[in-house]
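Asks: Shown below is the structure under consideration.
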Amino acid sequence: MSAPDQTSATAAMTAAGLDHLVTRHGRVDSLEEAAAARGLPPGAIIKTIVVRRGAEDYLFVLVPGDRAISWPKLRAVLGVNRLSLPDAATAKDVTGYERGTITPFGASRTWPVVADSRVRGTVSIGAGAHGVAATVDAAALVQALGAQVADVTDPA
């Protein structure tokens, strides 16, 4: 990929030494469409959810596409009693990305990352723009992000 085609996320992946294959497929309307466009099963599509832990304290949670955050599990892992999802404007403010494009790579701030324990094998994570994704090895992804791995999801 040439430099003009890079997003801040793909540039950050390259800088981190993370081998990745960029897929550009345009906007999609569902998990199933995203999976088909990326040639992977829905569970291999990784959603990046920004979660508010406290005032000016956020984190990224990596969730397989066919799963949802289990708030009790995530609270237990983080040792907190309360978590929330920020509104769209706040999410953009604290990450630099609008909803649907959020990724830990190239975010405007570095926040901790928790990866669900089912993030494994070959996965696809958003790359900072609508319809742009990166296919990566999950273990390398987790390592590049310094993510904490834990069981934090339930079936969707």
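Asks: As I understand it, the dipole of the chain uses +1 on the Cβ of Lys and Arg and -1 on the Cβ of Asp and Glu, about the Cα centre. Which of Ile102, His25, Val136 lies farthest toward its positive end?
Replies: Toward the positive end, the furthest listed residue is Ile102.
Asks: Okay, next question. In debye, nearest 20, what is the charge dipole magnitude of the chain about its Cα centre with +1 on Lys and Arg Cβ and -1 on Asp and Glu Cβ, if you could check? Mind dumping the intermediate values first?
Replies: Details: 15 positive and 15 negative charges, 55 e Å.
Approximately 260 debye in magnitude.
Asks: Count neighbours as other Cβ atoms within 10 Å of each site's Cβ, and list the GluC sites (Glu not before Pro) in segment 32-117 that are DSSP loop with at most 10 such neighbours.
Replies: Values: sites: Glu32, Glu33, Glu56, Glu98; in loops: Glu56, Glu98.
Listed in order of number, the matching sites are Glu56.
Asks: Follow-up question, since we're still on this one. Which residue, chosen from Val114, Ala127, Leu74, occupies the Cα position most advanced towards the positive end of the dipole of segment 3-155, where the dipole is computed from +1 (Lys, Arg) and -1 (Asp, Glu) charges on Cβ about the Cα centre?
Replies: Projecting each Cα onto the dipole axis, the largest value belongs to Leu74.
Asks: Turning to a different aspect of this structure: Could you order the peptides 17-26, 145-154, 122-131 from most to least packed, using the average number of other C-beta atoms within 10 Å per residue?
Replies: Result, highest mean first: 122-131, 145-154, 17-26.
Asks: Separate question: Between Asp29, Asp57, Asp87, which gets the highest mean-square fluctuation from a Gaussian network model of the chain, Cα cutoff 10 Å?
Replies: Ranking Asp29, Asp57, Asp87 by mean-square fluctuation puts Asp29 first.
Asks: Could I ask something else about it? Taking only DSSP H segments of four or more residues, each worth -39500 (n - 2.57), what value at 222 nm results for the chain once the sum is divided by all its residues, to the nearest 500 deg cm²/dmol?
Replies: Details: 5 runs with 40 residues, N = 156.
Computed mean residue ellipticity for the chain: -7000 deg cm²/dmol.
Asks: Pick from Leu141, Leu78, Leu59: which is most flexible by mean-square fluctuation in a GNM of the chain where alpha carbon atoms under 10 Å apart are linked?
Replies: Leu78
Asks: Please report the antiparallel percentage of DSSP beta bridges with both residues in segment 3-155, rounded to the nearest 5.
Replies: Here the share of antiparallel DSSP bridges comes out near 70 percent.
Asks: Calculate the spin-label point distance for Arg27 paired with Arg75, positioning each point 7 Å from the Cα along the beta-carbon direction, and give it in nanometres.
Replies: So the label points at Arg75 and Arg27 sit 3.6 nm apart.
A short reminder: the numbers here are calculations on the coordinates, not readings from a lab. Just so we're clear, the structure is a prediction, and the values are computed from it rather than from any experiment. For neighbour counting, all protein chains shown are included, and Cβ atoms are generated from backbone atoms with ideal geometry for every residue, glycine included.
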